[in-house]
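K.L.:
For reference, the structure I am asking about is given below.
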Amino acid sequence: MDFKKGDICICARGWSAGCYVITEMLPDNGKYCCSTLHLVTNKHYQLDPACLIKIGEASADLDVAAILASVHAPPSLPREDSEVFQFGKLRAEYEAYNVASPDAARWRLLATAKPGDMLVVSTRGRMNCVKFHNVLERGEKFVFLAEESSGKTFRYPLSSLMGTNRATKA
């Protein structure tokens, strides 16, 4: 089968599972002439066309460049009226009134934080300012999501929360 840039493929039976988009055809590369992007792991691979089954192709609206951009785009901040944010806020308010006093102050801080507020966290002995996203609806160890200055979003434990930096709002 002839493949071209923009084809969306899955691996054939007998090969490791995966869903890929062909980002480039490499005719001089011998057997592994399809340069692909794994749509789940976001890793690049050079694959043999014999292992691929075409299931679709990128449209004019969503070409290879748009697929790559959407895969690499950082997650957006939740809106204050979103369900994810509201459930997290309710959890933080509940925990603020039902836990022992050292953690209650941290839960109150999370209950009043809005998406985009800058929080101070301590990780591996370093103090960092992070952009708050939302409180997670459940979980014992990691309780909130925040974005570091690098643009990556991480889950943080309650014990890492040191305070807020109200002076800087992104």
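The values are calculated or read from the model by the stated rules, or taken from the named source; none is laboratory data. Predicted, not measured: the structure shown is a model, and the values here were computed from it. Positions of Cβ are backbone-derived with ideal geometry, glycine not excepted, and every protein chain shown enters the neighbour counts.
K.L.:
If I ask for residues that are surrounded by fewer than 14 Cβ atoms within 10 Å (Cβ to Cβ) and of a type in the set (D, E, K, R), which ones from the range 93-116 would you list?
P.N.:
114
K.L.:
Sticking with this one: How about the range 70-84: which of its residues are modelled with pLDDT under 70 and in a helix (DSSP H, G or I)?
P.N.:
Matches in the range 70-84: 70, 71, 72.
K.L.:
For the range 117-146: of the residues being under 16 Å from the mean Cα position of the chain (by Cα), in contact (Cβ under 8 Å) with a residue 24 or more places away in the chain and surrounded by fewer than 21 Cβ atoms within 10 Å (Cβ to Cβ), which is nearest to residue 163 (Cα to Cα)?
P.N.:
The extreme case among them is 131.
K.L.:
Would the range 124-140 turn up any residue that is in contact with a helix residue (DSSP H, G or I) (Cβ under 7 Å, 6 or more places away or on another chain), assigned to a strand (DSSP E or B) and closer than 14 Å to residue 77 by Cα? Walk me through it before giving the result.
P.N.:
First, pick out the residues of the range 124-140 that are in contact with a helix residue (DSSP H, G or I) (Cβ under 7 Å, 6 or more places away or on another chain): 134-137.
Okay, now just the ones that are also assigned to a strand (DSSP E or B), so 134-135.
Subsequent filtering for residues that are closer than 14 Å to residue 77 by Cα retains 134-135.
For the range 124-140, residues in contact with a helix residue (DSSP H, G or I) (Cβ under 7 Å, 6 or more places away or on another chain), assigned to a strand (DSSP E or B) and closer than 14 Å to residue 77 by Cα: present.
K.L.:
Same structure again: Return the total of residues in the range 11-27 being closer than 22 Å to residue 69 by Cβ and surrounded by fewer than 11 Cβ atoms within 10 Å (Cβ to Cβ).
P.N.:
The qualifying residues number 0.
K.L.:
Any idea which residue in the range 96-116 is farthest from residue 163 (Cα to Cα), counting only those that are among the charged types (D, E, K, R) and touching a residue at least 40 places away in the same chain (Cβ under 8 Å)? Quick ask: steps written out before the conclusion?
P.N.:
In the first step, residues of the range 96-116 are kept if they are among the charged types (D, E, K, R); the result is 103, 106, 108, 114.
Now restrict to residues that are touching a residue at least 40 places away in the same chain (Cβ under 8 Å): 103, 106.
Details: 103: 12, 106: 8 Å.
Restricting to residues being among the charged types (D, E, K, R) and touching a residue at least 40 places away in the same chain (Cβ under 8 Å), the top hit is 103.
K.L.:
Follow-up question, since we're still on this one. Could you list all residues from the range 1-40 that are in contact (Cβ under 8 Å) with a residue 12 or more places away in the chain and among the polar types (S, T, N, Q)?
P.N.:
23, 29, 35, 36
K.L.:
Of the conditions (1) under 20 Å from the mean Cα position of the chain (by Cα); (2) assigned by TED's automatic domain parsing to the domain that holds residue 40; (3) at pLDDT 85 or above, residue 54 clears all except one; give me its number.
P.N.:
Here residue 54 meets the rest and fails (1).
K.L.:
Answer yes or no as to whether residue 47 is under 17 Å from residue 69 (Cβ atoms), buried (at least 17 other Cβ atoms within 10 Å of the Cβ) and of a type outside the set (D, E, K, R).
P.N.:
Working: under 17 Å from residue 69 (Cβ atoms): no; buried (at least 17 other Cβ atoms within 10 Å of the Cβ): yes; of a type outside the set (D, E, K, R): yes.
The answer is no for residue 47.
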